[in-house]
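The structure appears right after this line, and notes come after that.
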Amino acid sequence: MAAALQSRLTKKKNDALCALLGKVNLTLLYKASVHGYHAADFHQECDFQGPTLLVAYNNTGYIFGGYTSVDYAQSYDNIKDDKAFLFSFQGDVPLCIKPHTNKPLHPVFRSRSLVNNGASTFGQQLIFCYNNQPLVYNQNTNSVFNINPATLYGNDTNLIECEVYKVEPKKDAQNHDAKIKPWRTVQWSEKRREELLKAIRSYKPLMSSINRIRILMIGPVGAGKSSFFNSINSIFLGRISSKAMSGSAGTSLTTQFRIYSVKDGREGKPLPFELCDTMGLEENSGAGLDIEDITGILRGHIPDRYKFNPSDPFQPVDQKPPRAPSLQEKIHCVVYVVDSTKVSLMSEKLEAKLAAIRKKINSLGIPQMVLMSKVDEACPDVQEDLQKIYTASYIKTKVRDGHMKRSIRSQTQMFFSDNDHLATDARGEFSPGFAVDLCATGEELQPGAGAGSQQ
């Protein structure tokens with residue numbers, strides 16, 4: 001019967017899911033409109049099939065579901081699967097929702113089990129085919145996944161279809177890996193890493209009046225600006241550092257303007273750059289970082305540890321006495337930090353605010369670049385191996401089609417980091433990915449300070 005089943009997925013959406021999962025094929029195992037919504041029907045078709053992808057469709061047009069790498073089985077035991085995730089299509093791009101990363105050590109959660117009231121349960125939280133009916137139910141307990149029902153399925157719990165696909169690697173996937181041409185060339189070697197670090201350490205601004213390049217990080221709340229600084233700081237300290245407050249919250253954890261220098265080792269001298277952290281951007285006026293605050297930062301008027309007040313943006317006349325900032329105090333490069341898992345969810349209001357910020361920065365002649373964070377959370381293939389980032393078609397799609405790229409697509413370069421905590425291997429050694437990001441930042445600064453025309 002499975003061979004005669006017709007998939008409801010369009011080819012474009014099928015390809016997008018395959019890109020998200022890596023080089024795989026999807027084979028339809030179960031279709032509720034054919035087999036029924038009862039748990040027994042579900043398990044008869046889906047048990048012991050290996051990794052599977054559940055795809056649900058509701059009345060309002062949402063396509064969403066979940067992936068698990070372990071077998072379905074008719075058991076009341078909770079199953080751990082740290083590779084599982086939920087997804088929801090935003091247009092033709094699937095938004096990937098991973099378990100909370102702020103759990104101790106690795107995210108441990110219950111991926112699926114046969115329960116009396118549903119066929120498939122993710123995290124003892126999201127239940128598909130609830131009560132053996134064409135329904136999805138979010139019981140909102142345990143909160144393994146940070147689910148927004150409006151984003152995931154439009155608050156519409158009525159299903160018109162539910163499908164389960166067997167996920168199998170393509171037979172030529174291993175050979176295909178060697179043949180894929182990366183869309184950006186990076187040398188993943190210890191030698192290259194040391195060359196890049198040396199280039200950062202020895203970098204000298206072209207203008208003698210500037211001792212250290214000042215880099216401003218701008219991005220939405222929770223994008224990972226503070227975490228990225230902590231990662232860079234950790235690389236040069238040689239140990240994990242949490243100097244900047246970071247984490248996940250609905251509003252910005254950063255409430256002050258901070259100028260962070262980075263030392264080359266615990267007792268080393270400051271490196272030739274400073275990273276400036278700001279309050280996160282929010283879409284509504286009177287919330288988050290204001291464009292007037294950004295203008296003050298760019299021009300060097302706002303001092304370190306200045307506390308932001310969204311309802312009362314900074315004005316140069318607030319300084320007592322007013323003075324003309326030096327070139328050293330101005331911003332020489334702007335880095336837009338964007339959460340790659342949320343690019344497709346960026347609101348029109350936030351995108352408009354970013355466009356206005358970009359226009360202001362362009363008028364001052366300041367170089368700009370984009371850093372897409374949390375790429376390991378956005379793409380399981382990259383989570384498995386960070387070095388696949390520049391062969392992952394899903395990440396390339398994020399760059400090409402993402403809202404952020406359309407907002408600031410000119411005069412910028414795109415770079416990437418893994419999720420918002422420091423990447424280490426099993427021995428605690430630093431991943432080269434962060435060194436690549438940092439040194440790419442340094443290389444992009446080499447055309448010059450870029451702030452000489454500011455007033």
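The values are calculated or read from the model by the stated rules, or taken from the named source; none is laboratory data. Since we're looking at a predicted model, the values are computed, not measured. Because the Cβ atoms are built from the backbone with ideal geometry, glycine has one as well, and the counts that use them run over all protein chains shown.
Some points to look at:
- Matching residues in region 309-337 - criterion: being touching a Lys or Arg at 6+ places or on another chain (Cβ under 9 Å) and modelled with pLDDT under 85: P316, P325
- When we screen G61, G36, G65 for residues that are within 23 Å of L135 (Cβ to Cβ) and in contact with a strand residue (DSSP E or B) (Cβ under 7 Å, 6 or more places away or on another chain), the only hit is G65.
- Of the residues in region 370-382, none is assigned by TED's automatic domain parsing to the domain that holds W188, surrounded by fewer than 22 Cβ atoms within 10 Å (Cβ to Cβ), part of a helix (DSSP H, G or I) and modelled with pLDDT under 55.
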